[in-house]
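Quick note: the coordinates plus some simple rules give every number you see, no bench work behind them. This is a predicted model, so every value here is computed, not measured. For neighbour counting, all protein chains shown are included, and Cβ atoms are generated from backbone atoms with ideal geometry for every residue, glycine included.
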Amino acid sequence: MTRQEWPLYEVFIRTRSGLSHRHAGSVHAADDEMALNNARDTYTRRSEGVSIWVVRSDRIVASDPAETSAFFDPAEDKIYRHPTFYDIPDEVENL
Amino acid sequence: MYTQGLDQAGKGGPDTREAESRAQLDAFQARIDAEEKIEAKDWMPEAYRRTLIRQISQHAHSEIIGMQPEGNWLTRAPTMKRKAILLAKVQDEAGHGLYLYSAAETLGVSRDEMVGDLLSGKAKYSSIFNYPTLTWADIGAIGWLVDGAAIMNQIPLCRCSYGPYSRAMIRVCKEESFHQRQGYELMLTLCRGTDEQKAMAQDALNRFWWPALMMFGPNDAASSHSAQSMAWKIKRFSNDELRQKFIDVTVPQAEFLGLSVPDAALWFNENTEHYEHSDIDWQEFFDVISGNGPCNRQRLAKRRKAHDDGAWVREAARAYADKKAAAEAAA
Amino acid sequence: MSSDATLASYASRLGDNALILGQRMIELVAASPELEEELANANFSLDYIGQARMYYTYAGEREGAGRDEDDFAFLRPEHDYKNLLLVEQPNGHYGDSTVRQFLFESWYVLLLEALTRCSDEGISIIAARAIKEVRYHLRHSSQWLVRLGDGTEESHARVKASLDDLWRYTGEMFAPDDLDDEMRAVFNGPHLEVIETQWRENVAAVLAEATLDMPDDQWMASGGKQGQHSEHMGFLLAEMQHLQRAYPGATW
């Protein structure tokens, strides 16, 4: 007997309408339908969800931690993107 | 979410990793000391990875094997309410095993490998689950004592330095909050019941007290992995500290039930404000850990049978998925 | 039969199906083919146990003799349980239990749909809750039947044999007895012939997808609805009732 396990899926759950889906964990499943069932039976036992996304883990493209600084540091010195960068006299309202 | 499957194409696994330099190790320790969480694909020392794989998979195996002693009374639960509660609890254990296997999988080990190690007897799991559940009161004792001890171990793990483990433990602890309470309430019902029920409760405490204390592991002096695990913030308190805390909170709970803790030498030290207890029979602990407990063989045999009986089912599901995928590709 | 007596008996019979099937599924705990299936199986048994509790509690109310869910579940003799023979059949291998679930749930979902429209509010409210659960169970058991039927040669052969073995217990689901007739006449209860037609259509569609032939209509077993059970039932009850019988009157 081959020892090949069912593929891994990542599970994302919307806990209630109005919120975005959030990563909950993972499950193994042989196919997409089974992955949805397994996600439901594993991660919504306490009414934690109103919607589930599942995606094969090997289909996710992730950034590389080794490139973290190249990816994310350049945003740090763009302080002019934040509203607090700008000095406006207190008398001016509704800005 | 950082899983084995997320490895970028073309990058080598741990085998091609360059030797760990002093600078890397220092930088890693600095992150740990700053209470930063380590995530799956971050650089980490091989020993850290191995320690985590060992600990998380043992933890997962314990949840899975731990379904058996309680599962033993599912079909005989005395009321519909108790049956539902116990079933929900045993199901949680399956869920917790699943969360933990997933957390370990982020470190580059497959569930198949871990399960293989469990079934071959290579991997260890908590010694407590190798004791039999002989009466219904054992279900109460397990909830009260075993889950009580487990919670004490697990709450610090919610702050473990490894992100996926810490997140899994937060979920586990949240879900387990009812487990200990239902066990104590079950014991309370028995202790307020008939003489036979009360005797049943006392007998369960007699049999589970010492094995529950052993759950915290060997004395600090004899614990081989403790110091490094503490430095890496995988572990936050020593075995003896947690064991003492457990005894201190549990003895008054036993007194409230009107049960006696099976340790004639137990006394409360007013100076230290801790209970002093007799020595633990470490020979028994090491026997059970190395395979010679009352139920070791039985527990593994049942797990192996479930695994073997399920082989054709898992295979069929894969074959069906392959056929469907091929049909879709052709369409 | 007074209308209260009809409702009590009918609710109790629904409870028996749910409890006995739930009890069978509980035996599968820690024996599933994969960890994810453990969670699914436990969810389904919890649903069935929960349904049994609602049915029994309602039966007790209608009966008015002070019996609660545990009196119904644990303190009746075997002949008083009126569940279908199908649900008491042993788990066998995964194909056997999948086919049992599928055949029963295909019927039960239709029965519950009809019961949501019955004129007794107590039953229709329970049915409305139960049907949400059972629709999901049926989705699960149907998908698994297809995977096993259209999986490997081995799985196909196994599940085909399961289907042939268990088919004989389906006749009882559609054979109305006095209680069914009364439920239908007085409370606009399910019309079992209509359900049979729909059931055959639904089952045929799933079997076709599973590349399985519908078994020929063979000799059909019956008796469960009258309390005449298979030999398996006595052991199931002995185990389930053990503590209540061994310590009469104790509180747990």
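At-a-glance table
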item: Whole-Å semi-axes of the ellipsoid equivalent to segment A:4-94 (Cα gyration tensor, √5λ, descending); result: 40, 22, 8
item: Considering only the protein assembly as shown, percent of DSSP beta bridges that pair antiparallel, nearest 5; result: 95 percent
item: Estimated distance in nm for a label pair at residue B:39 and residue A:69, the labels positioned 7 Å out from Cα along Cα-to-Cβ; result: 1.8 nm
item: Candidates C:124, C:32, C:97, ranked by Gaussian network fluctuation over chain C, Cα under 10 Å, top entry; result: C:32
item: Equivalent ellipsoid semi-axes, segment B:134-236, via Cα gyration tensor eigenvalues times 5, rooted, Å; result: 32, 17, 7
item: Tail beyond 34 Å, pair distance distribution of the protein assembly as shown (Cα, percent); result: 52 percent
item: Virtual spin-label span in nm between residue B:75 and residue C:65, 7 Å along Cα→Cβ; result: 2.9 nm
item: Burial ranking of peptide ranges B:260-266, B:285-291, B:106-112, B:136-142 (average Cβ count within 10 Å, highest at the top); result: B:136-142, B:106-112, B:285-291, B:260-266
item: Tail weight of P(r) past 12 Å, computed on alpha-carbon pairs of segment B:176-235, percent; result: 76 percent
item: Listed residues B:212, B:201, B:47, most fluctuating in chain B (Gaussian network, C-alpha, under 10 Å); result: B:47
item: Per-residue average of Cβ from other chains inside 10 Å of B:318-327; result: 6
item: Relative intensity, log₁₀ I(q)/I(0), of segment C:170-252 from a Debye sum that treats every alpha carbon as a point, q = 0.13, 0.22, 0.27 Å⁻¹; result: -0.70, -1.05, -1.22
item: Alpha carbon centroid spacing (whole Å) that separates segment B:138-187 from segment C:210-251; result: 37 Å
item: Square roots of five times the Cα gyration tensor eigenvalues for segment C:3-246, Å; result: 28, 21, 16
item: Averaged over A:43-54, number of beta-carbon atoms from partner chains that fall within 10 Å; result: 2
item: Relative contact order, percent, chain B [alpha-carbon distance under 8 Å, six or more residues apart]; result: 18 percent
item: Value of Rg to Rh for segment B:267-331 (Rh from inverse mean 1/r over Cα pairs, i.e. Kirkwood); result: 1.50
item: Relative contact order (%) - criterion: Cα under 8 Å, at least six apart; region: segment C:3-246; result: 25 percent
item: Highest average packing first - A:75-81, B:271-277, Cβ atoms within 10 Å; result: B:271-277, A:75-81
item: Averaged over C:45-52, number of beta-carbon atoms from partner chains that fall within 10 Å; result: 3
item: Distant-in-sequence amide H partners of residue B:38 (H built 1.01 Å from N, under 5 Å); result: B:162, B:163
item: Contour minus Cα-Cα distance for residue A:47 and residue A:92 (0.36 nm per residue); result: 11.4 nm
item: Computed E for residue C:208/residue C:184 - FRET, C-beta separation, R0 35 angstrom, nearest 0.05; result: 0.65
item: Computed label-point distance, nm, for sites residue A:14 and residue C:232 using a 7 Å Cα→Cβ extension; result: 4.2 nm
item: Relative contact order computed over chain A (Cα-Cα under 8 Å; 6+ residues apart), in percent; result: 26 percent
item: Diffusion coefficient, µm² s⁻¹, Stokes-Einstein with Kirkwood Rh over alpha-carbon pairs of chain B at 20 °C and 1.002 mPa s; result: 99 µm²/s
item: Kirkwood Rh and Cα Rg combined as Rg over Rh, evaluated for segment C:1-125; result: 0.99
